[in-house]
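The values are calculated or read from the model by the stated rules, or taken from the named source; none is laboratory data. Keep in mind that what you see is a predicted model, and the values were worked out from it rather than measured. All Cβ positions, even for glycine, are placed from backbone atoms using ideal geometry, and neighbour counts span all protein chains on display. In case anyone asks, the SASA skips ligands and DNA or RNA and just uses the protein heavy atoms, side chains included. Shrake-Rupley method; radii C 1.70, N 1.55, O 1.52, S 1.80 Å.
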Amino acid sequence: MDIKQTEDRIVREFGIFEDWTEKYKHLIKLGDKLDPLPPEDHIESNLVKGCQSQVWLTARLEGEKVLFSADSDAAITKGLVALMIRFYSGRTPDEIIDTKPDFLGKIGLSEHLSPTRSNGLVSMIKQMKIYAMAFKSQISS
Amino acid sequence: MNQGNEHIQTSINWDEIRSHFPVLQQHVNGKPLSYLDNGASSELPQVVIDRINAYHTNEHANVHRGIHSLSQHATDAYEQARKKVRALINARYEEEIIYTTGTTDSINLVANSYGRKHFKEGDEIIVSEMEHHANIVPWQMIAEQTGALLKVVPVDDQGELIMDEYYKLLSDRTKMVALIHVSNVLGTINPVEEIIEAAHARNIPVLLDGAQAVPHSAVDVQNLDVDFYAFSAHKMCGPTGFGILYGKKELLDEMPPYRGGGDMIDKVTFEKTTWNDLPHKFEAGTPPIAAGVGFGVSIDYLNTIGMEIIEQREQELLQYATKKLEAVDGLQIIGTSSKKASVISFLLDGIHPTDAGTILDKEGIAVRTGHHCAQPLMDRFNIPGTLRASISFYNNEDDIDRLVKGIEYTKEFFG
């Protein structure tokens, strides 16, 4: 599934919820189902800077695709993290660099993208793009 | 509570007081707002908003330098606030009241001006484990530049300063004691009289971070005999960007200016500049005039109710909230001192504070979550952060009941 199809799928998936309760419960479920991050990766150097909840993020290059793994100690943040992994993991560096997570607005969760929200999501996206840029230069060199 | 006070208390119509605050009349996320984040910033009564508005509409001009009527009027209005602050905290002289941008700025002023002049290699500054970052970092920065060291008074499990340790830390090397008066996280009211007395016995000056104290009780700087006292307007029904440093005149007089620019000078030549007198020596540049004018009205407003009455009402709400929260299964209060201001930090079993705060927000309940700018204190209790309900006199029992209901709902949500 390409990045555009993934976006459409997420938007459809969240479209069925009528109120915030259902939406957030689904988000928490997505977090619960996220592939676990190995314990040895829960380290300071993998922490994404966020004021309130902690997010750990790792990335590796497989062929020309970037694979992300992540975790958070807060349930709602972890759900958002799971969405970001679904959206950005397994893409080429260019796709990651060039695509904004506009779907968050379409599913009514853009409030979490505010830099003042302090849940680490904005920093996580920034970190994903930094990884993508690093891998891009690695591929081209 | 004595009978006289009880009589005054019953004559206050708290519903009417609440109606003075337009922000509280709204719905948030479709629910009536219960604003319990007063420790971060309190709301403005209509009289303060109107005064700031009137200032911008009819009275604005720069202060302290105009010969024209508008400027003189603005200067008068702005300087009125200084008289009101002096009276509020019972300082001896008006020039002991320095306008700053807030508590943080006030502490930075003392650290940079007093600290740079007096601290040297091996000197010690005493802070505590419960300090807000604003009363740690400025001292750390000046310590790095002067070779001084920070010494830290530990906190016990109830959230009180371990006074024995404080006494042990006091020595000939101590050059400043800088402590929080009321903890923004734990609510603990520290024994500041005792702290000051012990420091003064060794001729050590004391700075108190009063950001969470002045809004909730009557503070008398002469009675305390405190050397420096810092607080913010926006935590006491005033505007943001405005705060106070109180300092004893004899200390402020001998301190060098901290920032250079207009207003703080006497005479400038390229060879040498001489400083203006107190308080202007520390007030470089055009200040937030409207905020100062507004803050004067905030003080009038608080005085109309009376700081003692405010303290009583907040203690009543604190007791009500503590009892209700203690009854919630799986809820742990962090900070159980017997002497507390109306601040309650708590944790919910198995629920991250951010998650709980998000759900409470959806229910129209505003609380603070996170480390509350006190990371060393979080480390002390070995927790990532807390939820914090900070109560003001304009809150009511219904706000507390809604908080408790919201917590029960949050537990269900993540259950």
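List of remarks:
- Helix A:20-32 and the longest principal axis of the Cα set of chain A meet at an angle near 40°.
- The mean sequence distance of close C-alpha pairs (under 8 Å, at least 6 residues apart), as a share of the length of the stretch B:49-303, puts its relative contact order at 25 percent.
- Span from the the stretch B:340-415 Cα centroid across to the the stretch B:156-207 one, whole angstrom: 28
- Taking trypsin sites (Lys or Arg not before Pro) across the stretch A:48-77, the ones in a DSSP loop with at most 16 further Cβ atoms lying within 10 angstrom of their Cβ are A:Lys49.
- Compared with the dominant Cα axis of chain A, that is its longest principal axis, helix A:3-15 is turned about 20°.
- Heavy-atom accessible area ranking, 1.4 Å probe, most first, across B:Cys373, B:Cys237: B:Cys373, B:Cys237
- Of the DSSP H helices in chain B, those that are both long (alpha-carbon extent of 20 Å or more along the helix axis) and hydrophobic (Kyte-Doolittle mean at least 0.5) are B:289-305.
- The stretch A:3-140, relative contact order [Cα under 8 Å, separation at least 6], %: 27
- Look at the Cα gyration tensor of the stretch B:49-303: its axes a ≥ b ≥ c give a/c of at least 1.5 with a/b at or below b/c, and that counts as oblate.
- GNM result for chain B, Cα springs below 10 Å: residue of B:Asn395, B:Asn184, B:Asn303 fluctuating most strongly: B:Asn303
- Exposed loop sites, defined as trypsin sites (Lys or Arg not before Pro) outside DSSP H, G, I, E and B with at most 12 other Cβ atoms within 10 Å, are absent from the longest region of chain B, namely B:121-201.
- Residues considered: B:Pro138, B:Pro45, B:Pro191. Largest GNM mean-square fluctuation over chain B, using C-alpha springs under 10 Å, is found at B:Pro191.
- Amide H contacts of B:Asp227: B:Val206, each under 5 Å away and 5 or more positions distant or on a separate chain (H built 1.01 Å from N in the peptide plane; Pro and chain starts excluded).
- Lysine pairs in the stretch B:49-303 whose alpha-carbon atoms fall under 19 angstrom of each other, counting only those eight or more residues apart or on distinct chains, come to 20.
- Approximating the spin labels as points 7 Å out from Cα along Cα→Cβ, the B:Glu121-to-B:Lys83 distance works out to 5.2 nm.
- Mean-position separation - Cα centroids, the stretch B:222-246 and the stretch B:279-302, in angstrom: 11
- By accessible area, using a 1.4 Å probe on protein heavy atoms only, the stretch B:246-294 has 54% of its surface on carbon and sulfur.
- Between B:Glu129, B:Glu43, B:Glu121, the Gaussian network model of chain B with springs among Cα atoms under 10 angstrom shows the greatest mean-square fluctuation at B:Glu121.
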